[in-house]
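The values are calculated or read from the model by the stated rules, or taken from the named source; none is laboratory data. It should be emphasised that the depicted structure is a prediction, and the values quoted were computed from it without experimental measurement. In this analysis, Cβ positions are derived from the backbone assuming ideal geometry, glycine residues included, and neighbour counts consider all displayed protein chains. In case anyone asks, the SASA skips ligands and DNA or RNA and just uses the protein heavy atoms, side chains included. Shrake-Rupley method; radii C 1.70, N 1.55, O 1.52, S 1.80 Å.
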Amino acid sequence: MKKTVLTMFLMVFWVSSMAQNIKVSGHVSDQENNDAVIGANIVIKGSNKGTITDASGNFSLSVTDGATLVISSVGYNTTEVIAHASILTIKLSSTNNSLNEVVVVGYGSQKKANLTGSVSQFKADDLIKRQVGTTSNLLQGIAPGVSVWQGSGKPGADAPTINIRGTGSIFSGTGPLILIDGVVSSMDNVDANAIESVTILKDAASTAIYGSRAANGVVLVKTKRGGKDGIKVSYNAFVTQQVATNIPEKVSAVEHMELSNVAQRNQTGNPNAYVFPQALIDKYKNSKPDNLEIFDNDWVKLLLTNSGIMQNHNLTIDAGSEKASLFTSVSYLNQQGLIPNNSFNRFDLRLNPDIKINDKLRITSNLFFNQTTRIEPAGSSPEFIIRQAIGLPATGPAKFGDGMYGDAGQSNRRNPLGQAESSGTYRVSTPTFLGKATLIFNPVKNLDIEASYAREQWFPNGKRFQKNYDVYSPNIANKTYDFIAKYPGTNSLSETYSTNVRSTILAQATYSYKRGDHEAKILGGFQTEELTASSIGASRTDFVNEIYLIFLWEELTAITQEVLLKWLWQAFTVD
């Protein structure tokens with residue numbers, strides 16, 4: 001009886017197992033062209049059981065009814081299907097759609113799939129996610145083989161060094177060639193909101209197009225153009241605050257004196273040697289700082305009083321129809337430094353109009369104006385002032401009142417706080433104008449003839465007005481402060497003015513041929529560039545009356561701006 005029951009149970013279990021397992025056959029193909037996918041992996045989800053497709057893209061596998069099959073192959077997106085039928089038809093979508101993207105290379109464009117050189121391309125959405133003062137900093141960390149090193153953080157001078165695949169020269173330049181809409185320029189001359197794409201050409205193949213100046217790579221920036229769908233207005237802004245990081249922790253005045261004595265004993269070998277007498281140390285320990293006899297100054301805290309706030313505002317207008325279009329970008333950047341009298345302002349206006357005269361003739365142009373103003377203390381650079389403040393001991397007198405500075409405990413009486421606040425200002429203003437016009441003619445199908453002329457002008461104007469500030473010393477007996485001297489002892493006014501003009505002429509023709517799966521493109525052209533530069537400078541020291549010097553400074557600034565505006569109007573106004 002027991003044998004009969006066991007036999008019946010085994011038969012029921014075997015029949016149940018046969019009912020749950022099914023043999024699945026299928027075909028895996030490419031979703032776009034319906035070609036068979038060879039060697040695709042088909043695995044039962046949650047197990048190691050599976051198979052691969054044969055040369056025709058077919059497979060067969062015994063699975064449990066309702067199981068999930070995971071299908072994967074190199075170059076395709078992974079797909080999951082439910083095994084509910086004996087015959088399955090599976091389509092895989094390609095992950096290489098980006099190969100069909102058009103990339104700007106040299107004097108034309110090409111599909112990624114047709115490129116043999118190393119190229120990286122980034123769209124606008126990849127660039128505007130970060131808040132930086134200079135556009136070139138946007139390349140940091142987004143492209144393999146591209147190193148972006150920022151050597152300074154001061155406003156207006158934080159443009160980084162860009163190296164593509166390492167340093168290519170010891171004695172010559174190591175930076176890449178940068179072109180904005182086909183014109184050699186600075187990447188920091190364009191706001192990130194106006195960029196359509198950035199293409200980085202990394203290998204030596206770029207020298208075949210641009211010559212030896214492309215030996216360190218090429219960065220191609222393409223700005224946005226107007227659309228054909230009416231008017232679109234967008235506004236983008238950010239506000240951020242920059243703070244000092246990795247500042248060394250300073251010792252107090254008492255700790256400085258005690259450690260100085262220890263260092264003196266170690267240096268001389270005399271256990272009784274000292275720099276600061278013990279009576280003075282005890283006085284510091286038992287009394288609070290009074291800024292007369294006892295000093296315990298945190299120089300970094302006293303110096304880093306500027307807000308460090310950086311804000312950028314951008315307004316873009318995209319307008320157009322089938323016949324004409326216009327892209328407009330207006331941007332304003334204000335970046336405050338960490339110390340007084342240190343800031344950077346930038347205003348830029350970009351107009352990119354396009355006109356379609358007929359089916360064979362088009363005119364495109366680029367108009368750009370940029371005005372930057374960088375302000376620093378005249379007495380010394382912000383980097384040196386901060387570095388000096390970090391190194392000064394807390395025992396040095398800093399400031400006694402408005403316009404009354406201590407000697408900072410230095411024999412030369414150089415006070416970083418006085419240099420930052422009252423040594424005058426160094427102002428560098430640079431207006432830049434760029435105009436480019438391009439004529440595109442299509443006489444026959446697949447033939448494009450292009451001619452363009454571009455002219456970029458920039459006029460750096462630097463003015464340094466260095467003033468004296470007053471240095472005082474405490475008079476402990478009278479509990480007052482005595483005037484000692486003026487630092488640095490000599491006032492001065494200097495000014496430099498430069499004129500730079502770069503002209504570019506380009507003529508090229510491109511013929512494209514396509515028949516079936518075969519494509520060919522022939523390009524020929526001519527380009528010439530001319531750069532002229534001139535500068536002039538003047539200076540004067542030992543002005544008797546600094547009040548008159550300030551008045552003269554303001555007058556010279558107003559006159560220079562007026563002359564510059566008149567010159568620009570005459571240079572670019574067509575009669």
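Remarks
- Label-point gap, in nm, between LYS129 and HIS84 - each point 7 angstrom along Cα→Cβ: 3.8
- Here the stretch 272-382 has 58 percent of its accessible surface on carbon and sulfur atoms, given a 1.4 Å probe and all protein chains in place.
- Overall form of the stretch 115-253 per C-alpha gyration tensor (a/c, 1.5; a/b vs b/c): oblate
- Radius ratio Rg over Rh of the stretch 313-433, counting only Cα atoms, Kirkwood formula for Rh: 1.33
- Those aspartates and glutamates that a straight Cα-Cα span of less than 17 Å connects to LYS486, excepting residues fewer than 8 apart in one chain: ASP402, ASP407, GLU421, ASP470, ASP542, GLU546
- Exposed loop sites were defined as GluC sites (Glu not before Pro) in DSSP loop states (anything but H, G, I, E or B) carrying at most 16 other C-beta atoms within 10 Å; in the chain the longest segment without such a site runs 323-575.
- Diffusion constant of the stretch 264-367 at 20 °C, which comes from Stokes-Einstein with the Kirkwood Cα-pair radius and 1.002 mPa s, µm²/s: 104
- ILE484 long-range amide H proximity, modeled H, under 5 Å: VAL471, TYR472, SER473
- In this calculation the C-beta distance from SER365 to SER534 is compared with R0 = 30 Å, giving a FRET efficiency of 0.65.
- Heavy-atom accessible area for ARG165, with the other protein chains in place and a 1.4 Å probe, reaches approximately 140 Å².
- With 18 Å as the limit, the listed pairs LYS301/LYS399; LYS360/LYS445; LYS445/LYS521; LYS228/LYS356; LYS445/LYS514; LYS91/LYS123 have LYS91/LYS123 beyond it between alpha carbons.
- Helix-derived mean residue ellipticity, 222 nm - over the chain, DSSP H n ≥ 4, -39500 (n - 2.57), to 500: -5500 deg cm²/dmol
- Integer Hz, Karplus 6.51/-1.76/1.60 couplings in order for the stretch 286-292, x for Gly and Pro: 9, 10, 8, x, 10, 6, 10
- Over 31 Å between alpha carbons, listed pairs LYS285/LYS467; LYS285/LYS479; LYS45/LYS129: LYS285/LYS467; LYS45/LYS129
- Under the Karplus curve 6.51 cos²θ - 1.76 cosθ + 1.60, θ = phi - 60°, whole-Hz ³J(HN,Hα) for the stretch 177-188, x wherever Gly or Pro sits: 7, 10, 10, 10, 6, x, 10, 4, 6, 9, 5, 6
- The P(r) of the chain has a tail past 33 Å containing 63 percent of all C-alpha pairs.
- Ordered by 1.4 Å accessible area with all protein chains kept, HIS518, HIS256 run largest first as HIS518, HIS256.
- Net charge, ALA67 excluded, C-beta distance under 10 Å - Lys, Arg +1, Asp, Glu -1: +1
- Here the 3J(HN,Hα) profile of the stretch 224-231, calculated from phi with Karplus coefficients 6.51, -1.76 and 1.60 at θ = phi - 60°, is 6, 10, x, x, 10, 10, x, 10 Hz, Gly and Pro shown as x.
- Estimated dipole of the chain in Debye, rounded to 20 [Cβ of Lys and Arg +1, of Asp and Glu -1, Cα centre]: 1200
- Rounded tilt (10° steps) of 546-572 against the dominant C-alpha axis of the chain: 40
- The chymotrypsin sites (Phe, Trp or Tyr not before Pro) of the stretch 360-427 include none that meets both criteria, a DSSP state outside H, G, I, E and B (loop) and at most 12 other C-beta atoms within 10 angstrom of the site's C-beta.
- For the chain, the solvent-accessible area with a 1.4 angstrom probe is 55 square angstrom per residue.
- Over the stretch 402-559: Kirkwood hydrodynamic radius from C-alpha pairwise inverse distances, Å: 21.3
- Ranking SER411, SER94, SER287, SER329 from most to least accessible surface, computed with a 1.4 Å probe over the protein chains only, gives SER411, SER287, SER94, SER329.
- Nearest-0.05 FRET efficiency for ASN412 and TYR453, computed from C-beta distance (R0 51 Å): 0.40
- Here the simple spin-label model places points 7 Å from the Cα toward Cβ, and for VAL262 and ILE357 these points are separated by 8.3 nm.
- Of the residues LYS283, LYS202, LYS514, ranked by 1.4 Å probe accessible area with the largest first, the sequence reads LYS514, LYS283, LYS202.
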